[in-house]
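See structure below.
The values are calculated or read from the model by the stated rules, or taken from the named source; none is laboratory data. Owing to the predicted nature of the structure, the values given are computational and were not obtained by experimental measurement. Here the Cβ is made from the backbone with ideal geometry for all residues, glycine too, and neighbour counts use every protein chain on show.
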Amino acid sequence: MSAPVVDHVTLTVTDLDVSQRFYCELLGLVRLADFGTVRVLVHRASGFTLSLARHGAGGGRFDETRTGLDHLGFAAASRAALEAREAQLRAMGATYTPIRDMAFGWHLNVRDPDGIALEFFATGPLLAAGLAELRDPDLDQAAIDVRVRRYLEDAGVR
């Protein structure tokens with residue numbers, strides 16, 4: 001059986017127009033449909049679909065410490081791609097956390113107009129090598145655990 005692939009994501013927002021502008025500009029999406037309380041946005045090249053929903057009075061600003069979504073992560077091809085994304089965020093006037101160099105790669109964080117946390121992540125060489133090794137279908141959980149401990153030690157993560 002193949003691994004599941006995310007088909008779409010739907011976010012609850014307070015202002016459909018503001019959120020649509022933000023996501024279309026940030027991710028290069030276009031509006032596919034407007035159902036009044038739900039807008040469907042799509043990335044033409046990849047087919048990634050993001051829906052925005054407005055549910056009545058709403059529940060206030062997003063809080064990742066509550067049960068539910070913590071953040072939405074997007075893959076970036078490289079650190080250079082993150083640098084381009086950071087320049088885009090700066091041009092948009094968005095509030096973001098500058099690129100952080102981490103043991104397993106680099107990430108750039110931003111919040112949407114409702115405070116929903118978004119992360120752009122570029123896999124570094126150590127994680128890429130580890131993920132390639134873990135693709136071996138013959139590895140059992142014990143072997144995976146040993147390898148993960150080694151990766152964490154190599155990265156200086158305890």
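In region 49-64 there is no residue that is at positive phi, loosely packed, with under 14 Cβ neighbours inside 10 Å and either among the hydrophobic types (A, V, I, L, M, F, W, C) or modelled with pLDDT of 90 or more (or both). Residues of region 65-105 that are farther than 26 Å from L152 by Cα and assigned to a loop (DSSP other than H, G, I, E, B): R66, T67, G68, G93, A94, T95.
Listed by first and then second residue, the pairs linking a residue in region 138-149 that is closer than 20 Å to A128 by Cβ to a residue that is of a type outside the set (S, T, N, Q) and assigned to a helix (DSSP H, G or I), with Cβ atoms under 9 Å apart and 6 or more places separating them unless they lie on different chains, are L139/E133; L139/R147; I144/L134; R147/G130; R147/E133; R147/L134; V148/G130; V148/L134. For region 105-122, the criterion of being touching a residue at least 40 places away in the same chain (Cβ under 8 Å), closer than 20 Å to L26 by Cα and either touching a Cys at 6+ places or on another chain (Cβ under 7 Å) or of a type in the set (S, T, Y) (or both) is met by no residue. Could you tell me which of the residues T14, T37 is free of Cβ contacts under 8 Å to residues at least 60 places away in the same chain, among the β-branched types (V, I, T) and within 19 Å of D112 (Cα to Cα)? T37 is the lone residue from the list that is free of Cβ contacts under 8 Å to residues at least 60 places away in the same chain, among the β-branched types (V, I, T) and within 19 Å of D112 (Cα to Cα). Here R90 meets each of (1) of a type in the set (D, E, K, R); (2) modelled with pLDDT of 95 or more; (3) closer than 21 Å to L11 by Cα with one exception, condition (3).
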